[in-house]
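Asks: Here's a structure for you.
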Amino acid sequence: MTPATRQEVLGLYRKVLQIAKNWQSASGQIEETMKEKEYIRNEARTLFRKNKNVTDPKLIKQCIEECEARIEIGLHYNIPYPRPIHLPPMGLAHKQGRTLRHQEKLRKISKPIYLKSHDEVS
């Protein structure tokens, strides 16, 4: 990892922790706010520790983009949890003879960037 990339990743980690520190839930309830703050900190710790040994520059860039997307979506919707996608099973374009395995592959490819690591952690 280059020093510039390292600084960018550390900056994102600090930004996420700062967001968690200043987070206010949409309902305004103290219990819910505390639960969401804890979720943000735990999710950040888990994902950053999971990816600390990544050395491939493309994969690092993908992780950075995912982090930035999750930050923007979380701040925009005021929801710290990843927004789910709703694709009906076998709902992707199908040709004659496509199998379930191929449909699962298409679903994985069509998953938004902000959900790439969510299923692996949760």
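Asks: Please give me, ordered by residue number, the trypsin sites (Lys or Arg not before Pro) of segment 1-77 that lie in loop per DSSP and have at most 14 other Cβ atoms within 10 Å. Spell out each step's value before the answer.
Replies: Working: sites: Arg6, Arg14, Lys15, Lys21, Lys35, Lys37, Arg41, Arg45, Arg49, Lys50, Lys52, Lys58, Lys61, Arg70; in loops: Lys52.
Loop-located and lightly packed - Lys52.
Asks: How far apart, in nm, are the 7 Å Cα→Cβ label points at Asp56 and Gln7?
Replies: 2.7
Asks: If you don't mind, there's one more thing I want to ask. Expressed in nm to one decimal, what extension gain is obtained for the pair Tyr77 and Glu38 from 0.36 nm per residue of sequence separation less their Cα-Cα distance?
Replies: On the way: separation 39, 0.36 × 39 = 14.04 nm, distance 1.80 nm.
Result for the pair: 12.2 nm of gain on full extension.
Quick note: the coordinates plus some simple rules give every number you see, no bench work behind them. The shown structure was predicted, so the numbers you read here are calculated from the model rather than taken from an experiment. Positions of Cβ are generated from backbone atoms using ideal geometry, with glycine treated the same way; all protein chains shown enter the neighbour counts.
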